[in-house]
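Engineer: Below you'll find the structure I mean.
The values are calculated or read from the model by the stated rules, or taken from the named source; none is laboratory data. Just so it is clear, the structure is predicted and the values come from calculations on it, not from any experiment. Quick reminder, even Gly has a Cβ in these numbers, built from the backbone with ideal geometry, and neighbours come from all protein chains shown. The accessibility values were calculated without ligands, DNA or RNA, using every heavy atom of the protein model including side chains. Shrake-Rupley method; radii C 1.70, N 1.55, O 1.52, S 1.80 Å.
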Amino acid sequence: SSDLKREAAARMEAARAEADQAILDARTSLGQLWNNWAEARDIAPSLTRRAAASEKVVNAYDQQFGAGRRTLQDLIAVRNAHFRARADVIENRSSQQVGAAQLLSLLGRLRATVDGETPLPDAAPAETTTPAAQRDPASGS
C-alpha cells in the first residue's frame, strides 16, 4: 500500500516535471517566434522603400541607356538589384505570415484563424512606424 502511494507520488512528480518542461519549452518557442515575427515586420518598410528606390534607378538607367550613356551590363546589374529588392519584400511578407501562423498555432488559435473566426494578420504595410512590441499577430493588430 505504501509502495503504491510512493510509486503514484513519483509518477505524479514526474508528470509535473514534464509539464513544467513543456511550459518552459512553449514559452521559449513563443519568445523566439515573436522576436522573429517582430523583426520581419519592423524591416518591411525599409525593404519596400529599397525596392521603390531601385525601381527609380532602373527607370533612370533605362533612359540613360537609350541615350547611350549606360552600357547593357549597367542596365542588367541595376535590373538584377531591383529584382533582388522585390524578392526581399516578397520573402519578408511570407516570413511574417508564416511567423504569425506559427504564433497562432503555438497559442492554440490557428484553427480558429483557418476557419475564418480570427483573421491572420496582414503583412506590414509599406510605411509602418508603429513599434513591433505594440502589434500582436494573434490579435490581428
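Engineer: Report, in whole Å, the centroid distance computed from the Cα atoms of region 61-75 and region 1-28.
Structural biologist: 71
Engineer: Taking the simple approach of a point 7 Å from Cα along Cα-to-Cβ for both Ala19 and Asp62, what is their distance in nm?
Structural biologist: Calculated label separation equals 6.4 nm.
Engineer: What nm value, rounded to one decimal, do you get for the distance between Ala26 and Ile90 when each label is placed 7 Å out toward the C-beta?
Structural biologist: 3.7
Engineer: Quick one: pull the percent of accessible area on region 35-105 belonging to carbon and sulfur, 1.4 Å probe, ligands and nucleic acids left out.
Structural biologist: Within region 35-105, the accessible surface is 52 percent carbon and sulfur.
Engineer: With every protein chain present, what accessible area does Ser95 have (1.4 Å probe, heavy atoms only), rounded to the nearest 10 Å²?
Structural biologist: We get 60 Å² for Ser95.
Engineer: Still on this model: Provide the per residue accessible area, probe 1.4 Å, for region 30-94, rounded to a whole number of square angstrom.
Structural biologist: Per-residue accessible area for region 30-94 comes out at 66 Å².
Engineer: Taking every eigenvalue of the Cα gyration tensor of region 49-88, multiplying by 5 and rooting it, what semi-axes result, largest first, whole Å?
Structural biologist: Semi-axes, largest first: 19, 10, 5 Å.
Engineer: Then there's this: Express in nm, to one decimal, how much length is gained between Val114 and Glu39 on full extension, taking 0.36 nm for each residue of separation and deducting their alpha carbon distance.
Structural biologist: Value of the extension gain: 24.6 nm.
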